[in-house]
Amino acid sequence: MTAPPTTNKKLIAWVNDIAALATPASVHWCDGSDKEYHALCDLMVSHGTFTRLNEKLRPGCYLARSHASDVARVEDRTYICAKSKEEAGPTNNWTEPTEMRAKLRAMFKGCMKGRTLYVIPFSMGPIGSPVAKIGVEITDSPYVVVNMRIMTRMGAAALNALGDGDFIPCVHSVGAPLEPGRQDAPWPCEPDPAKKYIVHFPDTREIWSYGSGYGGNALLGKKCLALRIASVAARAEGWLAEHMLILALTSPKGEKHYICAAFPSACGKTNLAMMQPALPGWTVRCVGDDIAWIRIGADGRLYAVNPEHGFFGVAPGTSAQSNFNAMETIRRNTIFTNVALTPEGDVWWEDMGGPAPAKAIDWEGNEWTPGCGRKAAHPNARFTAPAAQCPVIDPEWESPEGVPVSAFLFGGRRPGTIPLVSEAFSWEHGVFMGSAAGSETTTAALGKAGVLRRDPFAMLPFCGYHMGDYLAHWISIASRTDRAKLPKVFFVNWFRKSTEGKWLWPGYGDNSRVLKWICERVAGTGKAVKTPIGNLPTPDALDLSGLDVSEEDMRQLLAIDVEGWKREADNIGSYYDTLGSHLPAALRAELEQLRQRLATA
Ligand code: SAT
Ligand code: MN
């Protein structure tokens, strides 16, 4: 083992402790260099983990195929081990921390046998930013190292920024010790789902992950650190760690507004974050597509930073039509996981646009032809790409102080009742809107449509403490600054359907019409009518120039369905009951006021 490139005593002692427990064959401190990245990619090509893509078609790109048991985050194996179950709340799995620690240490004993232990120092947030947090991930997966290099600021610069300071320890193993003389699997992992553990200790701010090599289970800077652990830190320190995209909308006159938006999964967050506006002269720039760290600035306004350095986006459905800028971003230096491989050595997935290849190798490594009855790409197939490659990345995306937030958006997939857009009456009403976010899932396989899953602030899988306390923290922001400086809050629904089941709103670039009205509301010029559920655009307030949506459809999109809203209020009330005494009184009051407004409507 080479000498550690640091004098940080806590870090050295911790690495020694984990190495003694997991007994790897060697230890490698990652420097984050190009040379290291390419050497690890070459190593994975030689092990069959990576396939190099056609250098002309996808320069610097690789394809990885995961084990069929290891294809997504595992929420039922994700734990928040706070001191008490009460602190973790009803939406998180919990085990008593001492018990969980003993379990983890037993699992990690010898688990890196025959493998290299990589030490990855990384910064969430621009290096040197006052809001950045340094983590160090220990992993036995070179796939994790190269993905972390894209998704975070990783290596010598992060280690240097850490100095002798404190860091968030993140321990990861694929859970597949390699016996001497045995050939390694292309995607080693623990195949038994019941033996995978994604564990957070909020009190000591530690992360331990065992058994999975995929996405948020293994790239511990993302959901584990930047959301679950950061949400705990944010509550203690008076800021917000949110599952939000950050975009900038600029009018033809040059007025620029930053918007943060939270949607449950599968609502097109990445598409919105780098959208091409349908409105001529308007531009969208992207700051981030998944996570926002938001603080109150010295001037009393809220400022947002994207703590990430790359995009880990869902490939299927991404096309030049749905997300042109993502397609441009992933032309080079991108890692694809669980997509299909074409005979030319390019990638392919469902709804990529253009004709399907005559044949391909599917995500499981089998021959695939169109119409064979199987999907070529796994529905959760991903691309990992540097954010800096996005053609519409905002010039301020690495600003150490962040960008000023003009508006918050919440939403979900709601085929009925919820209008295209509404504006909250107040901060508290806005928090009420965020708390009621959620999507209706179409469980087509069971023939059961329309199961509504509440997903407050799209944080259900990512909140590191009691959801009721989280909502109270959001309420408390208003008392920490001048209310007039707070962003305005909106609820949007791009997914409204007609009674015949057809989409009423075209979505994609046409969502800029809604964003335009939102910015006009922020500027004080947009016209609105007060309704029981919030302020809605007057019939002439949305810019519909060049849009082919009938008057009747627009009427439906902006109609208030009083009876539907009464049911919605009851449903929110039932959801609130699950949060018990932790639900802030201000939100009960908001619900009561909504009911009263509906009763007299
Ligand atoms: O795998 S990730 O957690 O990074 C993405 C997701 O599932 O939301
Ligand atoms: Mn996400």
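The values are calculated or read from the model by the stated rules, or taken from the named source; none is laboratory data. No experiment lies behind these values; they were computed from the predicted model shown. Heads up, the Cβs are rebuilt from the backbone with ideal geometry, glycines too, and the neighbour counts pull from every protein chain shown.
Quick notes on this one:
- If only residues of region 37-73 that are in a helix (DSSP H, G or I) and among the small types (Gly, Ala, Ser) are counted, the one that is farthest from Thr139 (Cα to Cα) is Ser46.
- Residue in region 336-344 that is assigned to a loop (DSSP other than H, G, I, E, B) and within 16 Å of ligand 1 (Cβ to nearest atom) present: yes
- In region 453-483, residue nearest to ligand 1 (Cβ to nearest atom) [restricted to those that are out of contact with any Lys or Arg (no Cβ under 7 Å at 6 or more places or on another chain) and among the small types (Gly, Ala, Ser)]: Ala458
- Residue match in region 244-263 (condition: assigned to a loop (DSSP other than H, G, I, E, B), in contact with a Ser or Thr (Cβ under 7 Å, 6 or more places away or on another chain) and closer than 28 Å to Asn338 by Cα): no
- Thr417 away from ligand 2 (no atom under 16 Å from the Cβ), more than 25 Å from Ala233 (Cβ to Cβ) and either over 19 Å from the mean Cα position of the chain (by Cα) or acidic (Asp, Glu) (or both): yes
- Matching helices (runs of 4 or more DSSP H) fully within region 472-585 where at least 2 residues are among the aromatic types (Phe, Trp, Tyr) and touching a residue at least 60 places away in the same chain (Cβ under 8 Å): 562-577
- Test: residue in region 130-141 that is within 16 Å of ligand 2 (Cβ to nearest atom), surrounded by 21 or more Cβ atoms within 10 Å (Cβ to Cβ) and either closer than 30 Å to Val45 by Cβ or of a type in the set (Asp, Glu) (or both): no
- Residue, nearest to Gly313 (Cα to Cα), within region 77-100, restricted to residues that are in a helix (DSSP H, G or I) and touching a residue at least 60 places away in the same chain (Cβ under 8 Å): Arg77
- Listing of strands (runs of 3 or more DSSP E) fully contained in region 276-330 that carry 2 or more residues being at pLDDT 95 or above and away from ligand 2 (no atom under 16 Å from the Cβ): 283-288, 292-296, 302-305
- One residue stands out in region 1-18 among those that are touching a residue at least 12 places away in the same chain (Cβ under 8 Å) and assigned to a helix (DSSP H, G or I): the one that is surrounded by the fewest Cβ atoms within 10 Å (Cβ to Cβ), namely Lys9.
- Selection from region 52-97 of residues that are surrounded by 19 or more Cβ atoms within 10 Å (Cβ to Cβ), of a type outside the set (D, E, K, R), farther than 15 Å from Phe462 by Cβ and within 16 Å of ligand 1 (Cβ to nearest atom): Ala64, Ser66, His67, Val71
- Cβ-Cβ contacts under 7 Å between residues 6 or more apart (or on different chains), taken from a first residue in region 258-274 that is more than 11 Å from Gly412 (Cα to Cα) to a second residue that is among the small types (Gly, Ala, Ser) and near ligand 2 (Cβ under 10 Å from one of its atoms), are listed as Thr270/Gly313.
- Listed by position, the helices (runs of 4 or more DSSP H) contained in region 128-243 that have at least 1 residues being out of contact with any Phe, Trp or Tyr (no Cβ under 9 Å at 6 or more places or on another chain), within 30 Å of Trp474 (Cα to Cα) and within 16 Å of ligand 1 (Cβ to nearest atom) are 215-218.
- Listed conditions (1) of a type in the set (D, E, K, R); (2) surrounded by fewer than 22 Cβ atoms within 10 Å (Cβ to Cβ); (3) within 24 Å of the chain's Cα centre (by Cα); (4) closer than 17 Å to Ala22 by Cα are all met by Lys196, apart from (2).
- Hits in region 82-114 (condition: among the basic types (Lys, Arg) and over 30 Å from Thr578 (Cβ atoms)): Arg105, Lys109, Lys113
- Residue in region 360-372 that is of a type outside the set (Phe, Trp, Tyr), assigned to a helix (DSSP H, G or I) and under 20 Å from Leu53 (Cα atoms) present: no
- Filtered by the rule that a residue be within 16 Å of ligand 2 (Cβ to nearest atom), within 16 Å of Val131 (Cα to Cα) and of a type outside the set (Ser, Thr, Tyr), region 229-245 gives Ile229, Ala230, Leu240, Ala241, Glu242.
- Among (1) in contact (Cβ under 8 Å) with a residue 40 or more places away in the chain; (2) within 16 Å of ligand 1 (Cβ to nearest atom); (3) not polar (S, T, N, Q) - the single one Pro395 does not satisfy: (2)
- Residues that are more than 14 Å from ligand 1 (Cβ to nearest atom) and more than 19 Å from Gly434 (Cβ to Cβ) were ranked within region 258-276; the one that is surrounded by the fewest Cβ atoms within 10 Å (Cβ to Cβ) is Gln276.
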